[in-house]
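Structure, as structure tokens:
The values are calculated or read from the model by the stated rules, or taken from the named source; none is laboratory data. Small disclaimer: the values here were computed from a predicted structure and weren't measured. In this analysis, Cβ positions are derived from the backbone assuming ideal geometry, glycine residues included, and neighbour counts consider all displayed protein chains.
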Amino acid sequence: MKRGRIVLVTGVFDILHVEHLMLLEEAKALAGEGGKLVVVVARDATVERREGKRPVVSENERRAMVEALKPVDEAVLGYEDMSVDKVLVKVKPDLVVFGYDQGCLEELTRRVAGEMGLSVETVRMAKFSLSELDSGTKIKQKIVETWKPTG
């Protein structure tokens, strides 16, 4: 009997939206029957260092929300130092799935896996864009516009 694959997805997942769900559903499908989807949720400090601001939702709450999604088998917090090598050793993925906007992380993961002598396949998903609110940034902007005090 062929076992499914361990598939890894990483991200911030600050304001969950349909694009996140579609990415996770596609990643889970790539795991195959008996496969496992593991999601590494970025730490608050990592997001602040990379994006210049902290997420709206705390890391523990983001991790819990992601883990509660149907396609996700396990969600864990990343490492403070964003160590790709530590994540690869901990999760032992057969496949790492990246969002459309994670090209730099995909390149870094390929390089680190190669240096470590690991056979890890990578795949980058296309943008799904089902609605105008297809990113956390757009959702935050819409909230500001909608709730702007009127004179």
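Of note, R50 does not satisfy the criterion of being among the charged types (D, E, K, R), farther than 30 Å from V144 by Cβ and modelled with pLDDT under 95.
Taking the conditions exactly as written (more than 12 Å from the chain's Cα centre (by Cα), of a type in the set (G, A, S) and either more than 24 Å from K127 (Cα to Cα) or at pLDDT below 95 (or both)), does A68 satisfy them or not? It is false that A68 is more than 12 Å from the chain's Cα centre (by Cα), of a type in the set (G, A, S) and either more than 24 Å from K127 (Cα to Cα) or at pLDDT below 95 (or both). Here V57 meets the list (1) over 12 Å from the mean Cα position of the chain (by Cα); (2) surrounded by 14 or more Cβ atoms within 10 Å (Cβ to Cβ); (3) within 24 Å of R5 (Cα to Cα) almost entirely, failing just condition (3). Restricting attention to the range 15-43, the residues that are within 19 Å of K127 (Cβ to Cβ) and not aliphatic (A, V, I, L, M) total 6. Restricting the range 72-81 to residues that are over 13 Å from the mean Cα position of the chain (by Cα) and surrounded by 14 or more Cβ atoms within 10 Å (Cβ to Cβ), the residue that is modelled with the lowest pLDDT is Y79.
A single entry from D81, D101 fulfils the requirement of being acidic (D, E), over 18 Å from L24 (Cα atoms) and in a loop (DSSP other than H, G, I, E, B): D81. Among the candidates V57, V89, V96, V47, the residue that is over 19 Å from M22 (Cα atoms), in contact with a helix residue (DSSP H, G or I) (Cβ under 9 Å, 6 or more places away or on another chain) and not in a helix (DSSP H, G or I) is uniquely V57.
Within the set G52, G117, G103, the sole residue that is exposed (fewer than 14 other Cβ atoms within 10 Å of the Cβ) and either touching a residue at least 40 places away in the same chain (Cβ under 8 Å) or under 22 Å from R5 (Cβ atoms) (or both) turns out to be G117. Within the range 93-110, the set of residues being at pLDDT 95 or above and out of contact with any Lys or Arg (no Cβ under 7 Å at 6 or more places or on another chain) comprises P93, V96, V97.
Looking at the range 61-69, is at least one residue in a loop (DSSP other than H, G, I, E, B) and either touching a strand residue (DSSP E or B) at 6+ places or on another chain (Cβ under 8 Å) or surrounded by 12 or more Cβ atoms within 10 Å (Cβ to Cβ) (or both)? Yes: the range 61-69 contains one or more residues that are in a loop (DSSP other than H, G, I, E, B) and either touching a strand residue (DSSP E or B) at 6+ places or on another chain (Cβ under 8 Å) or surrounded by 12 or more Cβ atoms within 10 Å (Cβ to Cβ) (or both).
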